[in-house]
Structures are given as C-alpha cells and as structure tokens.
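Only one structure is covered here, and it is reproduced in the block below.
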Amino acid sequence: MVSSSQELKVHRYLDKATQGLVGMSDDTIEQVVSYIRDALKKQFSPREEEFRLRMSNIGRPYCQLWFMKNKPETRVHPPANRVMIMMLGDIVEAVFKGILKESGVNFKDSEQVQLKLGKDTIKGTYDLILDDAVDDIKSASMWSYTNKFKSFDYVKESDAFGYVGQLAGYAKASGKKAGGWWVINKNNCDYKYVPATGLDIDKELDKIQNIINKLKVNKFERCFEAEDETFRGKRTGNKILSKNCSFCEFRFECWSTLKEKPAVMSQAKERKLVPYVYLEKEYA
C-alpha cells in the first residue's frame, strides 16, 4: 500500500522540476517513449471483432458484457475524437510512470498475468506493483477526479467501468495485495493516491465467476433499473437512467424509450442533458 512518504517523494520531485533544479534521465525518457509507442500501436490498430473477457472488462456489469458479446453492432458510435482522448490518457499515464521512477519510488513495472478461475483464463497487463501490492494509474476528468475518486467507497458505489473487479483480478493473478489507484486530473494535472481500503478480493472474484457463468448461459439480464427524477426535492413522475448506465455504449439498445434531452423541469438558460427513459407528459 502506498504511503504518504511516497506521495511526498513525487511532490518534491515535481516541485524541483518546476524550479528547473532536476531533470529526467535518458533511461527514464526512453522508457516513457516506449510506453507511448506501445499506446500508439494499441490505439491506432484495428479492433478485434471476437468478444473475449479481458482484465480490462471483467469488472463491468453483466448486461454490458452481454451486449459486447451478442450485439456489438448496437453500441453508440463514439465521437471522432475518442481515439485522441484515449491517447492523451495513455500519455499522461506514461509520463507519470517516469515521474514515479525519477522521484525514487521503487516499483515493479507492467507485466502480463493470467487469472485462472476454474477452467477459464483471463489475461491482462497490470500497471505496476508497489510495496507488494498492485496499483493502477488512471487519468480522470475534473468531475471524476473530484467526485468519483474521493475514496474507495465512492469508486465502488458507481463502478460502471469495473475498476474494482479489475484491480482484484490483477491482485489475484499476480499473487499480490490490492493496492489502489494513482489518479491524475487531466484538466489541471493534480494527482492523488486512492487506496482500495476494504476491497474484498475473494468477494470480487466470486462476482467475476458469476458473470462468467451467466455469459455461458447467455441470457440477457438488465443490471440496473430506471430511477425517479427529482426537481427541488420532489419527484417529477419522470424516469431517468441509473448513473451506472449513463456512459454505457449500449444504453439506447437496452432502453428503447431512452431520450437524451435538456432537463424538462429546469428553467436555467443552459439546461443539462438528462437521459429520460419515461416522460409522464410531453414537454415543450
């Protein structure tokens, strides 16, 4: 588990680098370049068509995995800048690894591992091992940095991307403890460490095994129900998507009545976009 002294090492190095008092070794620079080269190959390569479980998706909700396996063509087409967004995240993570190394934080670098659950094997590559625990590096938006990565409980509460299951899988596959997440804010480059305090690896592995079993049966099950919309503390009678579904690429196929439109009750000049599953009446 990362200690405050290790975070302090990073802070001290960055502070000195900002003042022009320290540099970055050629070896570290070459390693960072290598990370970015690998990321470019990954992001700008054709995607494989056949569905398979990977460490990067094993923690996702069953309903999302079912669509990935059975109806991949129904996903919402990502915007053209999606690959650039992903690439910038990879660059941030690559540079942060270089910063960790130059800060004197000793860690074991990425390595591919295999998670064996019964007759099933799931492959993936962890980010790093530090103090005998697996850590992930995540780049995050301002909102996610502030609201999601507040603590382990907040990460677990709304984990549509499966970060908790992913970390548990890496820990089990590598024979290490579950550490946590180094999180970098892509907006202002703030960073912090969020320890996975309270993560029950066995419980998470049971969830993963259950998902594997359900995918073999291959019967669709929706994991989340629509929620009541409220305005000024009162229910409006409308139904909206669960926040766990908001970023799902299959939300329109899963919810045939889904309409994303400006908040119907709001009187603001610029109304936020709301995913409505049911509208009690027509609104202007």
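The values are calculated or read from the model by the stated rules, or taken from the named source; none is laboratory data. Computed from a predicted model, the values in this text were never measured in an experiment. Reconstructed Cβ throughout: ideal geometry from the backbone, glycine too, with neighbour counts over all protein chains shown.
The requirement of being over 23 Å from residue 201 (Cα atoms) and modelled with pLDDT under 95 is fulfilled somewhere in segment 51-63, by at least one residue.
The residues of segment 159-206 that are at pLDDT below 95 and over 30 Å from residue 12 (Cα atoms), listed by number, are 159, 160, 161, 162. You will find that of 138, 101, the residue that is under 30 Å from residue 23 (Cα atoms) and assigned to a helix (DSSP H, G or I) is 101 and no other.
Could you tell me whether segment 254-266 includes any residue that is part of a helix (DSSP H, G or I), at pLDDT 90 or above and closer than 30 Å to residue 155 by Cβ? Step through it out loud before you land on a result.
If we filter segment 254-266 for residues that are part of a helix (DSSP H, G or I), which is where we start, we get 254.
Adding the requirement that they be at pLDDT 90 or above leaves 254.
Those left that are additionally closer than 30 Å to residue 155 by Cβ: 254.
Scanning segment 254-266, I find at least one residue that is part of a helix (DSSP H, G or I), at pLDDT 90 or above and closer than 30 Å to residue 155 by Cβ, so the answer is yes.
Set side by side, the residues 179, 169, 175 differ, and just one is within 12 Å of residue 196 (Cα to Cα) and of a type outside the set (A, V, I, L, M), which is 179. Restricting 218, 244 to those that are farther than 30 Å from residue 4 by Cα and surrounded by 12 or more Cβ atoms within 10 Å (Cβ to Cβ) reduces the list to 244. For residue 85, are the conditions met, namely being closer than 30 Å to residue 259 by Cβ, surrounded by 13 or more Cβ atoms within 10 Å (Cβ to Cβ) and either touching a residue at least 40 places away in the same chain (Cβ under 8 Å) or in contact with a Pro (Cβ under 9 Å, 6 or more places away or on another chain) (or both)? Yes, satisfied. In segment 29-82, of all residues being in contact (Cβ under 8 Å) with a residue 24 or more places away in the chain and among the polar types (S, T, N, Q), the one that is farthest from residue 224 (Cα to Cα) corresponds to 31. Looking across segment 156-171, the residues that are assigned to a helix (DSSP H, G or I) and under 23 Å from residue 116 (Cβ atoms) come down to 163, 164, 165, 166, 167, 168, 169, 170, 171. Report yes if some residue within segment 227-240 is in a loop (DSSP other than H, G, I, E, B) and either under 26 Å from the mean Cα position of the chain (by Cα) or touching a residue at least 60 places away in the same chain (Cβ under 8 Å) (or both); otherwise report no. No, the conditions are met nowhere in segment 227-240. Taken over segment 115-129, the criterion of being crowded, with 16+ Cβ neighbours inside 10 Å and either closer than 17 Å to residue 57 by Cβ or at pLDDT below 95 (or both) is satisfied by 115, 117, 122, 124, 126, 127.
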